[in-house]
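Encoded as structure tokens, the structure appears first; notes follow it.
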Amino acid sequence: MSSLFEEINLTDKELQELIEKAKDWALMHGVGMRSKEHFSYNAINFAPFTLFPTPLKREYFEEVIALQPALGELMHKIAYDHDFLTSALEKTIKVDDFIRRLFNIYEIIYKEGFTQEISLELTRSDYLEDIVTQRLKQVEFNTISCSFGGMSPSNLRLQSYILKEIGHYDKLKQLPENNALSGYCSGMVEAWRMFNVVEASILFVVEDITYNICDQRFMEFEIREQEPKIKIVRRTFKELHKEAKLGPNKELFVGKHRIAIVYYRCGYDPQHYTEDCWQVRLLIERSDSIKCPNIQYHLAGTKKVQEVLARPKVLERFMDENKAKRIRNLFTDIFPLDKDEPGGIEAEQLLRTKPEDFVLKPQREGGGNNIYGKDITDFINGKHEDKNWQASFIVMRMIRPKTYKNCIVRPEDCVLITDTVSELGIFSVVIG
């Protein structure tokens with residue numbers, strides 16, 4: 001399957017004109033982000049994008065769409081399986097301070113009793129097309145602060161505009177629907193209605209500086225469009241430490257606002273927390289607000305849980321054999337690095353002999369934390385403060401993605417024609 005870039009025949013001038021139009025379209029339709037290098041609250045750049053859509057076999061796409069409800073049900077069952085979560089994370093919490101702090105909150109809430117029975121989860125399952133197995137393989141299942149659900153429908157419209165500009169009208173019907181924004185927001189509106197306090201607001205917990213502002217504002221505006229009665233309150237952890245408090249029946253108040261839903265757009269990284277912020281997270285978990293995600297869903301999305309799920313017969317704990325087989329086919333090989341766990345010794349041997357075939361992953365989200373190739377060898381041979389440090393990592397066989405030539409358009413007049421790798425993200429909502 002060739003890329004669209006290779007099919008078209010544009011002169012340099014025609015390509016440049018198309019790029020300029022696409023940039024302006026992106027800016028005028030909210031495909032934007034604030035610049036980290038030249039930050040201003042009053043300005044945005046267009047978000048980086050590829051000029052042409054990436055081809056994907058329809059059968060691959062339809063397969064992961066069909067399995068997404070089963071994956072959502074799986075994560076819900078994991079989040080509410082205390083014994084499984086405790087067993088899966090038992091060793092990790094001894095060496096990873098961040099996961100330990102999250103788990104400590106979970107244990108406190110578990111012993112006190114969950115105040116809110118309703119859970120809301122906005123998820124995203126990420127895939128790469130693997131040229132070795134000739135199918136999509138899951139990279140990860142995200143359960144907190146899943147980005148680009150708000151902006152991705154606008155990206156689809158941008159690609160549709162570009163196809164029209166180059167006269168490839170036949171390709172328009174091959175663009176899949178993208179209802180991530182309306183779907184995410186309808187889930188939040190439904191959960192708000194289930195909370196059943198008409199004057200209650202939705203709280204967005206955000207970083208001190210929000211760069212991905214369009215993605216978040218699209219959600220805020222869509223919620224208001226679907227249900228005009230809902231007010232959105234945006235606060236940082238630092239602001240919540242000053243403003244958030246519990247009422248006599250564990251109602252969560254932020255200033256004068258009663259909170260129905262707490263939606264985290266941060267909190268997935270240790271750097272998001274000071275000691276005061278940890279106290280805020282505990283206070284929110286104790287409240288009667290619906291959390292997105294609650295603490296057990298956050299833990300269910302950790303890399304360690306992903307590794308444990310890849311072990312033989314573990315999926316069958318949560319579903320029938322047929323469904324487990326279909327989901328297991330989405331997994332690449334995943335191993336623990338801890339020598340005391342099944343597959344741990346084998347994993348270290350593989351890393352030492354063929355490091356280029358694997359990725360070493362810590363228990364972190366947000367990108368930029370993985371270790372590859374020769375760096376793996378240097379890392380495992382290096383000095384570590386904790387002798388049991390291996391328990392905080394998992395080993396994943398490298399997915400060998402298919403590449404397609406495309407034109408990457410970035411701000412600051414940066415245009416790069418190169419082979420590209422595209423990740424497919426499937427968004428979903430789980431209310432339980």
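The values are calculated or read from the model by the stated rules, or taken from the named source; none is laboratory data. What you are looking at is a predicted structure, and each value in this text was computed from that prediction instead of being measured. So basically every Cβ, Gly included, is an ideal-geometry build from the backbone, and we count neighbours across all protein chains shown.
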Q: Filter the range 20-43 for residues that are hydrophobic (A, V, I, L, M, F, W, C) and surrounded by fewer than 17 Cβ atoms within 10 Å (Cβ to Cβ) and give the result.
A: 27, 28, 39, 43
**Q.** Among residues of the range 374-409, those that are surrounded by 14 or more Cβ atoms within 10 Å (Cβ to Cβ), among the basic types (Lys, Arg) and either more than 22 Å from the chain's Cα centre (by Cα) or within 20 Å of residue 1 (Cα to Cα) (or both), counted
**A.** 3
Q.
Which residue is surrounded by the fewest Cβ atoms within 10 Å (Cβ to Cβ), if the candidates are limited to the range 139-153 and must be over 18 Å from residue 31 (Cα atoms) and among the hydrophobic types (A, V, I, L, M, F, W, C)?
A. 139
Q: Take residue 207 and decide whether it is assigned to a loop (DSSP other than H, G, I, E, B) and either surrounded by 16 or more Cβ atoms within 10 Å (Cβ to Cβ) or in the same structural domain as residue 153 (by TED's automatic domain parsing) (or both).
A: yes
Q.
Within the range 246-294, considering only strands (runs of 3 or more DSSP E) that don't extend past its boundaries, which have at least 2 residues that are closer than 17 Å to residue 120 by Cα and more than 19 Å from the chain's Cα centre (by Cα)?
A. 257-264
(Q) Cβ-Cβ distance below 6 Å, separation of 6 or more or different chains: which pairs start in the range 55-82 with a residue that is in the same structural domain as residue 163 (by TED's automatic domain parsing) and end on one that is β-branched (Val, Ile, Thr)? (A) 64/426; 68/426; 72/430; 76/430
(Q) Take the conditions surrounded by fewer than 17 Cβ atoms within 10 Å (Cβ to Cβ), of a type outside the set (Asp, Glu), closer than 26 Å to residue 82 by Cα and touching a residue at least 40 places away in the same chain (Cβ under 8 Å) and apply them to residue 194. Does it pass? (A) yes
Q.
Can you go through 136, 163, 156 and tell me which one is touching a Leu at 6+ places or on another chain (Cβ under 8 Å), closer than 30 Å to residue 360 by Cα, surrounded by 14 or more Cβ atoms within 10 Å (Cβ to Cβ) and modelled with pLDDT of 95 or more?
A. 136
Q | The lone exception for residue 129 - which of (1) in a strand (DSSP E or B); (2) more than 20 Å from the chain's Cα centre (by Cα); (3) of a type in the set (Asp, Glu) it fails | A | (2)
Q: Please specify each residue of the range 296-338 satisfying the condition of being within 23 Å of residue 90 (Cα to Cα) and among the charged types (D, E, K, R).
A: 303, 304, 307, 311, 313, 316, 317, 333, 338
Q: Would you please name the residue that is nearest to the chain's Cα centre (by Cα), looking only at residues in the range 301-339 that are part of a loop (DSSP other than H, G, I, E, B) and without any contact (Cβ under 8 Å) to a residue 60 or more places away in the chain?
A: 310
Q. Taking residue 222, is it outside any helix (DSSP H, G or I) and surrounded by fewer than 22 Cβ atoms within 10 Å (Cβ to Cβ)?
A. no
Q. How do the pairs read when you match residues in the range 158-187 that are under 26 Å from residue 18 (Cβ atoms) with residues anywhere that are surrounded by fewer than 17 Cβ atoms within 10 Å (Cβ to Cβ) and among the small types (Gly, Ala, Ser), using Cβ under 7 Å and keeping only pairs 6 or more apart or on different chains?
A. 172/160; 175/160
Q: Please determine, by comparing only the residues of the range 256-294 that are among the hydrophobic types (A, V, I, L, M, F, W, C) and touching a Leu at 6+ places or on another chain (Cβ under 7 Å), which one is surrounded by the most Cβ atoms within 10 Å (Cβ to Cβ).
A: 292
